[in-house]
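Report on one structure; see the data block that follows.
Computed from the coordinates by the stated procedures, all read-outs in this text should not be read as laboratory data. This is a predicted model, so every value here is computed, not measured. Backbone-built Cβ (ideal geometry, glycine too); neighbour counts: all protein chains shown.
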Amino acid sequence: MSPPAGVVAPGRVAVVTGAASGIGLGLCERFAAEGMRVVMADVEELALSDAARRLSSQGSAVLPVLTDVSRPDQVDALRDEAVRAFGAVHVLCNNAGVGGSHGPLWLIPAGEWDWVLGVNLGGVINGIRAFVPLLLAQDAAHIVNTASIFGVFAGALGPYGISKHAVVALTETLHFQLRALGARVGVSVLCPGAVRTNFGTSARNRPASAGAGPADGAAARASAEQFRQLAAAGIEPAQVADMVVEAIRSARFYILTSGNRDDAVRRRGDEILSGSPPAPPFP
Ligand SMILES: NC(=O)c1ccc[n+]([C@@H]2O[C@H](COP(=O)([O-])OP(=O)(O)OC[C@H]3O[C@@H](n4cnc5c(N)ncnc54)[C@H](O)[C@@H]3O)[C@@H](O)[C@H]2O)c1
């Protein structure tokens, strides 16, 4: 598929979920710097309005839309708001995500599975269902789904890694289906390594429905600390945003943001072919 021409360009419209912080905010800032109009979706109301106010005070056309991506009705409403305000959508970044805990799978409460899979995978599914028919009717568009490096090497980190493997598979399927249609909608899957964001505190958005259990105890603190340490060693969201814009422009599909897990990615392919059990991705 040839790269869609000029979807990152002045006057074009980007919709970004998880836009109030971290990678999503970095994407919004970069798209705004390109002269695009930006629809910022997030579940955290105060952080969202602060971020949107800051971007619009710099002269950007910005629309904040309070959205829980795990709710199909709210993602449909996000699309409708975007079209009402700006008339079209050219770049969709399904980026919102949460960490959860990653103790033994059998000890993770059902509500926590629902939360992590509902946001990380359900949010992407809701974005695809709500937006793809609209994008197919336009001249050109590009979708970027945020997975993780944890989506491409041997499964780890419990529900989080499982959700991210699913986002990679979903995005590959979407690519095949759009290519079969000859659609002018490009697709990429963003698989960041460590990035300096607020991801280590993603339990701040944990709903009561996720229930109690390991997520509220020592395992949760260990998970948060592991995510915090990973993120602290990471690159800046602005660097990720640069890579995403470059990937959209060059029709790059897999976007890995650091090379320090390449061996673990290669090893997984070798293990699948040889039948040997997976080695842990971390030494
Ligand atoms: N930071 C990293 O090192 C790293 C590495 C790999 C992948 N990722 C992925 O990058 C994406 C962005 O995370 P980040 O690191 O910027 O973290 P972050 O916590 O800084 O930002 C995530 C944003 O998503 C929002 N959000 C959470 N639940 C939501 C919901 N239900 N609906 C809408 N918005 C919601 C949060 O309010 C927050 O603004 C996630 O999908 C994450 O899994 C991050």
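Numbers below:
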{"read-out": "Sequence-separation-based contact order of the chain, relative, with Cα cut under 8 Å and 6+ spacing, percent", "value": "22 percent"}
{"read-out": "Cα Rg over Rh - the stretch 1-92, Kirkwood", "value": "0.96"}
{"read-out": "Debye intensity ratio in log₁₀ form over the Cα atoms of the stretch 13-274, taken at each q of 0.13 Å⁻¹", "value": "-0.80"}
{"read-out": "Alpha-carbon radius of gyration plus Dmax, which is the widest Cα pair, for the stretch 84-176 in Å", "value": "14.9, 48"}
{"read-out": "Cβ-based net charge around Val187, under 11 Å, with every Lys or Arg adding one and every Asp or Glu removing one", "value": "+1"}
{"read-out": "The stretch 1-97 - percent relative contact order, Cα under 8 Å, separation 6 or more", "value": "34 percent"}
{"read-out": "Kirkwood Rh, Cα atoms: Rg over Rh of the stretch 123-249", "value": "1.02"}
{"read-out": "Proxy reagent accessibility, fewest Cβ within 10 Å first, across Ile272, Ile235, Ile143", "value": "Ile272, Ile235, Ile143"}
{"read-out": "Using distinct alpha-carbon pairs, which all enter the 1/r mean, Kirkwood radius of the stretch 137-199 in Å", "value": "12.7 Å"}
